[in-house]
Structure formats: structure tokens, C-alpha cells
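Asker: Before anything else, here's the structure in question.
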Amino acid sequence: MREFCYRFYKNKLAFLGFIILFIFLVMAIFAPYLAPYDPFQMDPQAMLQPPGADHLFGTDQFGRDILSRIIFGSRISFKVGLISVGLSLIVGVSMGIVAGYYGGWLDNLISRIMDVMFSFPQIFLALVIMAVLGTSSTNLMLAIGLVYIPIFGRIARASVLSIKDSLYIEAANSIGVSNLIIMLRHILPNIMAPIIVQTTLSFGFAIRAEAALSFLGLGVEADIPSWGIMLNQGKDWMEMAWWNAVFPGLSATLAILSFNILGDGLRDALDPRLRNEGE
Amino acid sequence: MLTTNNNLSSQNKDSKVLLKIRNLKKHFISKKGLFFSKEERVKAVDGLNFNIYRGETLGIVGESGCGKSTTGRLLLRLIKATAGQLEFDGVNLMDLNKKELTAMRHRFQMIFQDPFASLNPRLKIKKIVAEPMLTHQLHKADRADRVKALLEEVGISSSYLNRYPHEFSGGQRQRIGIARALAAEPEFIVADEPVAALDVSIQAQILNLLNKLQAELGLTMLFIAHDLSVVQYISDRIGVMYLGKMVELTNSDQLYQQPLHPYTKALLAAIPVPDPELRTNKNHLAGEVPSPLNPPRGCNFNTRCPAAFAKCREIEPEFKEIKPGHFCACHLYSREEKTNEN
């Protein structure tokens with residue numbers, strides 16, 4: 001563990017990603033205290049103001065403070081990320097472990113379901129689910145969660161296959177440990193490394209998907225300050241007020257990028273085969 | 001034939017028998033080809049007949065791939081036998097369903113060959129040793145104390161309870177594996193080459209430990225190894241396996257001093273014996289072990305046997321008692337008998 005922390009710390013880029021995400025997280029948690037203005041407060045006196053001393057990132061067409069809306073937008077991004085990734089993590093990993101451990105027709109069934117889900121482009125699948133379920137933030141989290149289930153399923157299944165013939169699994173069998181306990185106690189902890197990496201990367205994907213779907217009008221409700229909705233509304237004013245679209249876009253990019261470099265860093269730190277490289 | 005049957009039935013009545021193995025077989029089937037699939041049968045274990053008596057250590061020796069480890073796993077029903085009978089203390093293990101079998105598992109345990117792979121790297125050793133008790137609901141009140149006592153028993157300080165397996169050396173890990181096997185208070189232990197992965201100096205320590213524990217706890221043990229000196233040291237009786245079959249079974253002194261089967265003789269000739277007079281036969285085996293996919297007709301050993309004659313290539317020899325307590329499967333010792341019977 002200490003060696004892992006050291007290796008992770010040595011990776012400056014990943015550490016930077018971690019710091020940025022930590023700042024975003026603090027922003028999301030303490031949004032009401034950090035935001036200089038009420039994100040819903042319209043101000044007809046201050047419509048489409050450029051970035052300046054009063055409004056650091058400017059205001060939108062209703063005079064709402066962009067910075068405050070971005071700060072509150074981080075809440076919805078992280079909420080969607082957390083819940084949808086949580087959903088796909090729990091469902092996907094369970095399915096993957098069951099498929100990999102039991103094998104046979106059960107494995108075939110689960111793997112084919114995942115193949116079908118994989119055969120659609122992710123954003124398209126999420127769009128279809130949203131169109132069927134209707135726009136709401138709950139449905140959005142459900143849709144994004146469903147789309148990423150097969151990714152976790154495949155990773156878990158492949159990892160289980162690589163360890164299920166280990167002697168310690170056979171030892172547990174010889175003791176008489178039940179299959180459920182073997183999966184939870186002996187398999188799950190030993191396949192965590194790739195799953196942790198995928199979880200981190202998926203957070204980035206989920207935030208991107210939320211922004212993309214909201215931008216297309218199939219995401220969260222339009223009155224919620226979300227980076228995607230701000231982008232959508234801001235694009236109409238691009239020529240007169242670039243700050244309306246650029247700042248939400250930048251925050252989304254920064255958050256997604258941070259998750260990606262953090263994920264890559266974790267992969268390097270967790271994978272012993274890459275040890276001693278790049279040092 | 002008659003003698004064999006009589007002998008086996010007399011053994012059946014003996015309450016000292018802990019495990020009764022009759023005609024036990026394990027064939028692994030692999031299918032080849034896409035459309036016209038061809039079945040290939042690997043006869044890993046092909047008809048074993050022997051008893052294991054309470055309190056004894058039965059050694060099993062043989063070359064790699066002769067079915068030793070498969071035998072060990074079959075006896076614990078870690079893999080399901082293709083055919084045959086397997087009785088543990090009067091209970092037919094082949095008939096049990098999964099639940100009944102699980103309930104019995106604490107009575108027989110296994111010690112594994114590779115101590116680096118047999119312990120879950122993510123569990124602290126106290127949890128590893130406690131697992132059999134947890135699984136079988138044993139020692140609910142004093143479990144923690146018992147884990148300590150077990151570890152002390154095998155020579156691991158109880159101050160290491162909270163360490164992970166990778167913090168220990170190979171020998172120490174094997175000790176932890178032994179403590180785990182003992183935790184459920186089993187009557188029967190299969191030790192699958194428990195010292196093969198260890199240094200020679202550590203081997204002796206582990207063997208002494210096993211000997212000590214066996215005497216203290218009255219364990220019955222099946223000790224699998226390919227190292228003849230190791231087996232001789234620890235075993236009361238020794239079975240020699242060749243290509244999925246047992247070719248000879250007798251007590252260890254007998255086996256080393258008066259081996260009957262040509263394969264046993266060849267095996268013994270291959271190890272350096274300090275006393276030159278013990279070397280009765282200096283034949284070194286030629287050729288390779290035939291593939292278990294396609295074993296030879298007649299006696300399995302006829303392709304490499306220096307004493308093979310015509311009958312060996314036609315008829316499979318029976319595994320029977322040649323001298324009291326000395327079983328062997330070889331036509332060399334049944335010629336007269338057979339002719340007499342006929």
C-alpha cells in the first residue's frame with residue numbers, strides 16, 4: 001500500500017489530476033458557500049455581462065452569474081457520475097463475477113447480453129434509453145449506468161477467469177466455503193485493481209455523457225444548472241457572449257481530463273508489471 | 001481373482017479402514033474438431049483399489065503426470081470421479097449431494113504444493129486460519145484463541161496474526177497452510193507435494209512438523225510426492241503409481257528392501273543409495289511415459305519394462321496381494337497362480 005502511494009505520488013500528472021478533482025469535489029460539496037451569487041437569481045440589469053470584477057466569468061442572457069452556475073453544475077456532474085458509475089459498478093461487477101466463476105450456460109447468457117449492449121454506440125444507447133424513459137435526472141443516471149454495465153462486466157469476468165483456477169480458490173473449495181463467500185471474500189478483493197482504474201475512468205465518461213445528453217436536451221431538467229445545459233443555452237449567444245459557452249465547456253473538459261489522467265496514473269501504480277518504468 | 005476378492009472383503013469389515021477406494025477412475029474428456037468432434041479421453045486415474053487405515057501415513061509416489069495429484073483431489077471430492085466407489089468412514093462420498101458433502105468437508109483437508117499460491121494474498125493470516133472454523137461454525141467462542149494456538153503449534157508467532165501472506169517466507173507460508181488444514185480438526189489430510197516447492201533445509205522442518213502433528217493428533221494422511229527419500233521418511237506404507245494406476249503398495253521398509261514391481265525397482269535404482277548392496281537391479285528406464293490419452297495395451301508399463309513378456313502386451317495385470325500386505329500389479333508374480341487355477 002505504501003509502495004502504491006509512493007508510486008502514485010511520483011506520477012506528477014496523475015497527482016495533478018487528483019488535486020484538480022479534489023478541488024471540484026470541494027466545490028460540489030460546499031457550493032452554497034462558495035458561489036458568489038444565487039445561480040437561479042436573474043438580474044435584468046446585468047444581462048450578458050463580459051467577465052469582470054463583479055462577475056468573474058460573466059453573466060448569461062438572464063443575468064445569472066456563470067461562475068455560480070458552474071459551481072452548482074459541478075454538483076449535478078458529480079452526482080450523476082457517482083450514482084451512474086455506482087450502478088454500473090455494482091451490477092456489472094456482480095454479473096461479471098458470476099459469469100466468470102460459474103461459466104457454462106450462465107456465462108454464455110450473461111456474456112451475450114453484454115455483447116448486445118456493446119454492439120450499440122454508448123451515446124446512442126443512452127439517447128434511446130432517455131428518449132424512452134423521458135428526461136429527468138434520475139432517468140439520466142439510470143441510462144448512463146446501464147450503458148456502462150457491460151464494460152465493468154467484461155473486466156470483472158476476464159479478471160475472474162485469470163484467478164479462478166488459483167490454488168487459494170481450490171483451497172477455499174476444499175474447506176467447504178460456499179460459492180457466494182468465495183466470490184465475495186476470495187475473488188472480489190483480488191480483482192479490484194483493474195476495476196478501480198475503470199471506475200475512475202468511467203467517472204470521466206459519465207460526466208461527459210451527462211454534459212452531452214443535457215446539451216442535446218435529453219439530460220437533466222432544463223432548470224437545473226448543468227454544464228451541458230449551460231453549453232446548450234450558451235451556444236446561441238456564442239457570437240456576442242463567448243463566455244456563456246466557453247467556461248462551462250472548459251470546466252467539463254478539465255474534470256473529464258483529470259479523471260482520465262488519474263485513471264491512467266492509478267493503472268500504472270497498481271500494475272506491478274510497469275514497476276520501475278519511467279522513474 | 002478369488003484371493004483378491006476375499007482379501008478385499010476381509011478389509012471391508014475392518015473398522016480401522018478410514019477410506020475405501022474401489023476401482024476409482026477419473027477420465028478427462030476433451031473434444032476436438034469443429035464439426036465432427038472427436039472425443040479424447042485422458043485417463044488420469046484409471047482404476048485404483050486400496051484402503052487407507054486410520055492413523056497411518058500413506059505415501060504416493062510416481063512421475064509427473066501419473067495421476068498422483070488427481071488421486072488426492074478425487075479422495076477429497078474436489079473433482080468428481082468418472083467411476084468407482086469412494087467410502088470415507090463408511091459414508092459413500094460419491095452419493096452425497098453438495099450440501100451433505102460440504103457438511104463433511106471439515107473431516108478431510110488438504111495441504112497444497114505451492115505455498116505461494118494457496119493463500120489468498122488479500123487476507124490476513126488470522127482470517128486464513130480462521131476460515132475453516134468460520135465455514136463450519138466451529139469454536140464460536142474461542143476462535144481467536146484457537147487461531148493463535150494453531151499458529152503457535154505450527155511454529156508461527158502469534159504476534160504475526162495481522163500480517164499478510166506475502167510477508168512470510170515459503171516455509172512459513174506452508175506452516176500457515178498446515179495450520180489452516182488443521183483448524184477444522186480433520187481426521188484425514190491429503191498433503192499434495194507439500195515440500196516440493198521448498199528448500200531442502202526447510203523441507204526437513206516441514207516434514208518433522210507433519211510427523212509431529214500426525215502423532216499428536218492421530219491424523220490419517222495421504223502424502224503425495226515425487227521424491228522417494230521424502231516419502232520414505234514420512235510414510236508407513238507407500239503406493240507407487242504409474243500412468244493412472246497403482247502398481248505396487250506395501251509398507252515402506254518392504255518397498256525399499258524388496259520391491260516387486262519392475263517399475264518400483266527402476267525408481268529405486270535411480271536414486272543414489274548409500275549402501276551398495278541394496279542395489280539389486282541397476283536397470284535405468286529407457287523411453288518416455290506413454291501418453292495417458294493412448295495408453296498401451298496390456299500392462300501400462302510393458303513399453304518400458306525390462307522384464308516384459310508376451311502376456312504383458314496382451315492382458316492387463318491385476319492389482320493383488322502377492323505377499324501379506326504387499327500388493328502389486330505385475331504378471332511376473334501371478335504366472336504360477338494363474339496356471340494352477342486353470
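The values are calculated or read from the model by the stated rules, or taken from the named source; none is laboratory data. These numbers were taken from a predicted model, which means no experiment stands behind them. Please note: Cβ atoms are built from the backbone with ideal geometry, for glycine as well, and neighbour counts cover all protein chains shown. What goes into the accessible areas is simple: the full protein's heavy atoms, side chains included, and nothing from ligands, DNA or RNA. Shrake-Rupley method; radii C 1.70, N 1.55, O 1.52, S 1.80 Å.
Asker: Of everything in segment B:36-91, what is touching a residue at least 12 places away in the same chain (Cβ under 8 Å) and of a type in the set (Phe, Trp, Tyr)? Give them in sequence order.
Answerer: B:Phe50, B:Tyr53, B:Phe88
Asker: Among A:Ile123, A:Ile113, A:Ile144, which is more than 14 Å from chain B (Cβ to nearest Cβ), buried (at least 17 other Cβ atoms within 10 Å of the Cβ), in a helix (DSSP H, G or I) and β-branched (Val, Ile, Thr)?
Answerer: On inspection, the qualifying residue turns out to be A:Ile144.
Asker: Then there is this: Could you please find all residues in segment B:177-196 being surrounded by 18 or more Cβ atoms within 10 Å (Cβ to Cβ), of a type in the set (A, V, I, L, M, F, W, C) and away from chain A (no Cβ under 11 Å)?
Answerer: Within segment B:177-196, B:Ile178, B:Ala179, B:Leu182, B:Phe188, B:Ala191, B:Val195 qualify.
Asker: If you go through segment B:1-31, how many residues are open to solvent by less than 90 Å² (accessible area, probe 1.4 Å) and either in a strand (DSSP E or B) or at pLDDT 85 or above (or both)?
Answerer: The total comes to 14.
Asker: Restricting attention to segment B:60-77, does a residue exist that is at pLDDT below 90 and of a type in the set (Val, Ile, Thr)?
Answerer: No, segment B:60-77 contains no residue that is at pLDDT below 90 and of a type in the set (Val, Ile, Thr).
Asker: Here's a follow-up. Quick check: anything in segment B:120-130 touching a residue at least 24 places away in the same chain (Cβ under 8 Å), open to solvent by 30 Å² or more (accessible area, probe 1.4 Å) and at the interface with chain A (Cβ under 9 Å from one of its Cβ atoms)? Outline the logic, then answer.
Answerer: Applying the first criterion (touching a residue at least 24 places away in the same chain (Cβ under 8 Å)) to segment B:120-130 yields B:120-126, B:128-130.
Right, trim to open to solvent by 30 Å² or more (accessible area, probe 1.4 Å) and you get B:121-122, B:124, B:126.
The next check asks that each one be at the interface with chain A (Cβ under 9 Å from one of its Cβ atoms); those that pass are B:121-122.
So far as segment B:120-130 goes, yes, one or more of its residues are touching a residue at least 24 places away in the same chain (Cβ under 8 Å), open to solvent by 30 Å² or more (accessible area, probe 1.4 Å) and at the interface with chain A (Cβ under 9 Å from one of its Cβ atoms).
Asker: Hey, any hits in segment B:220-227 for a residue that's assigned to a strand (DSSP E or B), modelled with pLDDT of 90 or more and over 29 Å from A:Tyr168 (Cα atoms)?
Answerer: No, that holds for no residue.
Asker: Return the pair list, or none, for Cβ contacts closer than 9 Å from residues in segment A:48-67 that are over 15 Å from A:Leu250 (Cα atoms) and in contact (Cβ under 8 Å) with a residue 24 or more places away in the chain to residues that are open to solvent by 20 Å² or more (accessible area, probe 1.4 Å) and among the hydroxyl-bearing types (Ser, Thr, Tyr), at least 6 apart or on different chains.
Answerer: A:Arg64/A:Tyr37; A:Asp65/A:Tyr37
Asker: May I ask you to list the residues in segment B:64-83 that are open to solvent by 30 Å² or more (accessible area, probe 1.4 Å) and within 14 Å of chain A (Cβ to nearest Cβ)?
Answerer: Of everything in segment B:64-83, those that are open to solvent by 30 Å² or more (accessible area, probe 1.4 Å) and within 14 Å of chain A (Cβ to nearest Cβ) turn out to be B:Ser69, B:Arg73, B:Arg77, B:Leu78, B:Ile79, B:Lys80.
Asker: Please return the ranges of helices (runs of 4 or more DSSP H) entirely within segment A:148-260 where 3 or more residues are open to solvent by less than 50 Å² (accessible area, probe 1.4 Å) and under 30 Å from A:Ala31 (Cα atoms). Lay out the reasoning, then the answer.
Answerer: Details: elements: A:167-175, A:192-215, A:227-235.
Passing ranges, in order: A:192-215, A:227-235.
Asker: Moving on to the next point. Would you pick out the residues in segment B:141-170 that are assigned to a helix (DSSP H, G or I) and in contact (Cβ under 8 Å) with a residue 12 or more places away in the chain?
Answerer: The answer is B:Arg143, B:Ala144, B:Arg146, B:Val147, B:Lys148, B:Leu150, B:Leu151, B:Glu153, B:Tyr160, B:Pro165, B:His166, B:Gly170.
Asker: Ok, one more. Picking from B:Leu138, B:Leu101, which residue would you name as being open to solvent by 10 Å² or more (accessible area, probe 1.4 Å) and within 9 Å of chain A (Cβ to nearest Cβ)?
Answerer: B:Leu101
Asker: Same structure, new question: Of the residues that make up segment B:84-91, is at least one crowded, with 17+ Cβ neighbours inside 10 Å, within 12 Å of chain A (Cβ to nearest Cβ) and either at negative phi or modelled with pLDDT of 90 or more (or both)?
Answerer: Scanning segment B:84-91 turns up no residue that is crowded, with 17+ Cβ neighbours inside 10 Å, within 12 Å of chain A (Cβ to nearest Cβ) and either at negative phi or modelled with pLDDT of 90 or more (or both).
Asker: Can you tell me which residues in segment A:21-54 are open to solvent by less than 40 Å² (accessible area, probe 1.4 Å), over 19 Å from A:Asp236 (Cα atoms) and modelled with pLDDT under 80?
Answerer: Within segment A:21-54, just A:Gly52 meets the criteria.
Asker: For segment A:167-177, state whether one or more residues are under 30 Å from A:Ser77 (Cβ atoms) and either within 8 Å of chain B (Cβ to nearest Cβ) or without any contact (Cβ under 8 Å) to a residue 12 or more places away in the chain (or both).
Answerer: No, every residue in segment A:167-177 fails to be under 30 Å from A:Ser77 (Cβ atoms) and either within 8 Å of chain B (Cβ to nearest Cβ) or without any contact (Cβ under 8 Å) to a residue 12 or more places away in the chain (or both).
Asker: Which condition number does B:Arg173 fail, the rest of (1) within 12 Å of another protein chain (Cβ to nearest Cβ); (2) open to solvent by 50 Å² or more (accessible area, probe 1.4 Å); (3) in a helix (DSSP H, G or I); (4) not β-branched (Val, Ile, Thr) being met?
Answerer: With (1) within 12 Å of another protein chain (Cβ to nearest Cβ); (2) open to solvent by 50 Å² or more (accessible area, probe 1.4 Å); (3) in a helix (DSSP H, G or I); (4) not β-branched (Val, Ile, Thr) applied to B:Arg173, the lone miss is (2).
Asker: Quickly run through segment B:178-192 and pick out the residues that are touching a strand residue (DSSP E or B) at 6+ places or on another chain (Cβ under 7 Å) and at pLDDT 90 or above.
Answerer: Looking only at segment B:178-192, we keep the residues that are touching a strand residue (DSSP E or B) at 6+ places or on another chain (Cβ under 7 Å), and these are B:178, B:181, B:184, B:186-192.
Hits for segment B:178-192 are B:Ile178, B:Ala181, B:Pro186, B:Glu187, B:Phe188, B:Ile189, B:Val190, B:Ala191, B:Asp192.
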